[in-house]
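What follows draws every value from the coordinates through simple rules; no lab data is involved. Since the structure is predicted, the reported quantities are computational estimates derived from the model, not experimental observations. Heads up, the Cβs are rebuilt from the backbone with ideal geometry, glycines too, and the neighbour counts pull from every protein chain shown.
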Amino acid sequence: MLLELFKKCTGLILLGIVIKLLDDEIDGDINEKIKESKIYASFIQFKMPYSLLFLSLAMLLQPHLVFSIFTSAYIIGMFHIPSQELPLKLKAYQEMLILVILNLVLVPLDVFGIAFFSILFIQLIDDLIDHQYDLKYGYKNYANIFGLGEIIIASSILLVVCFMISWFNTVIILSSGVLVNYVYTKI
Amino acid sequence: MVYGSILIFYLVILLLGYSIGRRVGKNEGKEKAINEITIYLKMDYYNKKECPICSSPKNTHKR
């Protein structure tokens, strides 16, 4: 029981680090963070081997949940650019569809459900926190597209759905997300 | 399980009502603003003695 808990927590923290590095790579403002801290600068030099090592270790510790969370982070990152042409000669919505089908076939339905909804919840909370900043600088933000009140109500719906599926997994996923974010700002 | 379903049902209806109401209110407000804008601009000029758009004093508008 305690071993299961330890494996789950470690796997999710490693996956959180990988997803954070991936987001930084795509968003493209690494240089500012490099000037601010030395640990991050030395880490970002070898980001590819470290992230592959962490991802494979996390995937071994908790196979279904880590795969679901990683692919749903990929899918939700693609919601903003649905018809862009990608290097594999597929459009973005086709890649999203392939990933969803893969998840439905390989992973039990409640694991995929809780992974997708909790990552969507984290994305909406992030959009709520910096909706003023994104309005000023022109980034894509769901709270600016749909309106602030709608996103508040939608994120509470998602929280209730996640708690209904499995409260234990929800608590662990959300707390490891908060922990990774906190360490990232303090580093 | 039952309490969760009832809560989700209530929140979905709340979301629907809030979003529809906000958009309808925004359109009504825009229509009312277009109808009343001239009288408000004239009242502004009457009270402050300078043009509300280009802030130039009495009757000498900048180009």
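Could you check the spin-label model distance between A:Asn144 and A:Ser83? Points 7 Å from the Cα along Cα→Cβ, value in nm.
A separation of 2.2 nm, rounded to one decimal place.
Modelling each spin label as a point 7 Å along the Cα-to-Cβ direction, I'd like the A:Ile26/A:Ser42 distance in nm, to one decimal.
Label-label distance for A:Ile26 and A:Ser42, simple model: 3.0 nm.
Projecting each Cα onto the charge dipole of chain A (Lys/Arg +1, Asp/Glu -1 at the beta carbon, about the Cα centre), which of A:Leu86, A:Leu158, A:Tyr184 comes out farthest on the positive side?
The residue sitting farthest along the positive end of the dipole is A:Tyr184.
So the label point goes 7 Å from the Cα of A:Leu174 along Cα→C-beta, right? Which residues of region A:144-161 then have their backbone N under 18 Å from it?
Hits in region A:144-161 for A:Leu174 at 18 Å: A:151-161.
Which helices of chain A meet both criteria: a Cα extent of 15 Å or more along the helical axis and a mean Kyte-Doolittle score no lower than 1.6, with helices taken as whole DSSP H segments? Kindly include the intermediate steps, with their values, before the conclusion.
Values: long enough: A:2-27 (37 Å, 1.05); A:47-61 (21 Å, 1.52); A:63-77 (21 Å, 1.34); A:92-106 (21 Å, 1.89); A:109-129 (30 Å, 1.89); A:148-165 (26 Å, 2.54); A:167-186 (28 Å, 0.92).
Sorted by number, the helices that extend far enough and score high enough are A:92-106, A:109-129, A:148-165.
Hey, what number do you get for chain A at 222 nm if only DSSP H runs of n ≥ 4 count, each worth -39500 (n - 2.57), divided across all residues, to the nearest 500? Provide the component values of the computation, followed by the final result.
Working: 11 runs with 157 residues, N = 187.
Theoretical 222 nm ellipticity from helices: -27000 deg cm²/dmol.
Give me the dipole magnitude in Debye, nearest 20, for chain B about the Cα centre, with unit charges on the beta carbon: positive for Lys and Arg, negative for Asp and Glu.
Values: 11 positive and 5 negative charges, 84 e Å.
It works out to roughly 400 debye.
Which part of region A:20-38 falls in the paramagnetic zone of A:Lys91, meaning amide N under 15 Å from the point 7 Å along Cα-to-beta-carbon?
none
Say the dipole of the protein assembly as shown comes from +1 at the beta carbon of Lys and Arg and -1 at that of Asp and Glu; which of A:Leu53, A:Ser72, A:Tyr137 then lies farthest toward its positive end?
A:Tyr137
Going through the cross-link list A:Lys20/B:Lys30; A:Lys186/B:Lys26; A:Lys7/A:Lys136; A:Lys136/B:Lys26; A:Lys33/B:Lys26; A:Lys140/B:Lys48, which pairs have a Cα-Cα distance over 32 Å in this structure? It would help to have the intermediate numbers written out before the result.
Details: A:Lys20/B:Lys30 42 Å; A:Lys186/B:Lys26 42 Å; A:Lys7/A:Lys136 42 Å; A:Lys136/B:Lys26 22 Å; A:Lys33/B:Lys26 41 Å; A:Lys140/B:Lys48 40 Å.
Those over the limit are A:Lys20/B:Lys30; A:Lys186/B:Lys26; A:Lys7/A:Lys136; A:Lys33/B:Lys26; A:Lys140/B:Lys48.
Which residue, chosen from A:Gln123, B:Thr60, A:Ser175, occupies the Cα position most advanced towards the positive end of the dipole of the protein assembly as shown, where the dipole is computed from +1 (Lys, Arg) and -1 (Asp, Glu) charges on Cβ about the Cα centre?
Going by the charge dipole, the pick is B:Thr60.
Across 5 Å bins from 0, what is the distribution of all Cα-Cα pair distances for chain B, in whole percents?
That works out to 3, 15, 12, 11, 10, 9, 8, 7, 6, 6, 5, 5, 3, 1, 0, in percent per bin.
Tilt of helix B:2-48 relative to the longest C-alpha principal axis of chain B, in degrees (0 to 90, nearest 10)?
Roughly 10 degrees between the two axes.
Over region A:80-148, what is the relative contact order in percent, taking alpha-carbon pairs closer than 8 angstrom and at least six residues apart?
On the way: 29 pairs, mean separation 12.4, N = 69.
For region A:80-148, the relative contact order is 18 percent.
Tell me, how many Å apart are the Cα centres for region B:20-63 and for region A:37-84?
That distance is 52 Å.
Over chain A, what relative contact order in percent results from Cα pairs under 8 Å that are six or more residues apart? Don't skip to the answer; put the middle values down first.
Values: 142 pairs, mean separation 44.6, N = 187.
Computed value for chain A: 24 percent relative contact order.
Let me test this: with uniform point scatterers at the alpha carbons of the protein assembly as shown, what is the Debye-based log₁₀ I(q)/I(0) at q = 0.11, 0.15 1/Å?
After summing over all Cα pairs, the log10 values are -0.76, -1.20.
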